[in-house]
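The values are calculated or read from the model by the stated rules, or taken from the named source; none is laboratory data. Source: prediction; values computed, not measured. Cβ placement follows ideal geometry from the backbone for every residue including glycine, while neighbour counts extend to all protein chains displayed. Calculation scope for accessible area: heavy atoms of the full protein, side chains included, ligands and nucleic acids excluded. Shrake-Rupley method; radii C 1.70, N 1.55, O 1.52, S 1.80 Å.
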Amino acid sequence: MWAIFSGTVLTIEVAIVAVVFGAILGIVVALGRISHNKVANAVTWFYVWFFRGTPLLLQLFIVYFAVPIIYLNATGSTFVIDPMFCAFVTFSLNSTAYMAEIIRAAIESIPEGQMEAAKALGMSYHQAMRKIIIPQTFKRLVAPLGNELIMLLKDTSLVSTIALFDVLRTVKTMASSTGNWIYYLYAAAIYLFLTTILQVIFDKLETRFGAYERR
């Protein structure tokens, strides 16, 4: 049971780190996607295109296996990437691409008149985004962000391919060594418990942020 608990903690850690960094970097990428600067727009478009268009497992392999080989070929020196650090980096980069599109869509859903009104009041573009536009996107962001966090939580099972013992790999090892299939039910119960908590939290947040729209 302690091993299962440790695997659950690892699963939660990877998901939380990925969604936090994904949200922060996602704002930057989203602003680049809607920017009139052609270079920023092209770079962020390519970033989103690559990370949304390739499997997360492949991205994990590139960071964990390919990067050390590239470094070896370039410098003649070897280094080993810590599996946990690799998981944090890969999941964060992947999450950033999805978060960016979620945030971009939320921002673009706000009527253009809001920006024009803010500028008429003497606000700069950045002030208008920070004080007028972005606060109005919160309700639109809650449900997609909740879905993204739930997907990340389940996708953390992929870290087993780089020698990390998340909850799924832990129960799989136990089931294989004991011949008892009941361990798989433990994993299912844990995933269902965690995703249910997230669903309840984000449902309440959506209700709270949407309160002004019902008035």
Filter the range 120-160 down to the residues that are of a type in the set (Gly, Ala, Ser) and either touching a Pro at 6+ places or on another chain (Cβ under 7 Å) or farther than 15 Å from residue 208 by Cβ (or both) and list them by number. 120, 122, 124, 128, 157, 160
Kindly indicate whether residue 102 is open to solvent by less than 40 Å² (accessible area, probe 1.4 Å) and in a helix (DSSP H, G or I). yes
Give the number of residues within the range 105-114 that are open to solvent by 30 Å² or more (accessible area, probe 1.4 Å) and either assigned to a helix (DSSP H, G or I) or touching a Pro at 6+ places or on another chain (Cβ under 8 Å) (or both). 5
It is to be established whether one or more residues within the range 135-148 are open to solvent by 30 Å² or more (accessible area, probe 1.4 Å) and of a type in the set (Asp, Glu). no
Criterion violated by residue 158 - all others in (1) farther than 30 Å from residue 192 by Cα; (2) assigned to a helix (DSSP H, G or I) satisfied: (1)
Against the condition of a type in the set (S, T, N, Q) and either open to solvent by less than 20 Å² (accessible area, probe 1.4 Å) or within 15 Å of residue 13 (Cβ to Cβ) (or both), how does residue 156 come out, does it pass? yes
For the range 166-174, state whether one or more residues are in a helix (DSSP H, G or I), among the aliphatic types (A, V, I, L, M), over 22 Å from the mean Cα position of the chain (by Cα) and more than 25 Å from residue 91 (Cβ to Cβ). no
Over the range 65-98, the set of residues open to solvent by less than 80 Å² (accessible area, probe 1.4 Å), within 21 Å of residue 52 (Cα to Cα) and of a type outside the set (A, V, I, L, M) is 86, 88, 90, 91, 92, 94, 95, 96, 98
Residues satisfying the stated conditions in the range 170-215, i.e. within 18 Å of residue 15 (Cβ to Cβ), open to solvent by 50 Å² or more (accessible area, probe 1.4 Å) and modelled with pLDDT of 85 or more: 189, 192, 193, 196, 197, 199, 200, 201
Condition test on residue 9, is it under 17 Å from residue 154 (Cα atoms), open to solvent by 30 Å² or more (accessible area, probe 1.4 Å), in a helix (DSSP H, G or I) and in contact (Cβ under 8 Å) with a residue 12 or more places away in the chain? no
Within the range 42-60, how many residues are under 25 Å from residue 7 (Cβ atoms), crowded, with 16+ Cβ neighbours inside 10 Å and in contact (Cβ under 8 Å) with a residue 40 or more places away in the chain? 2
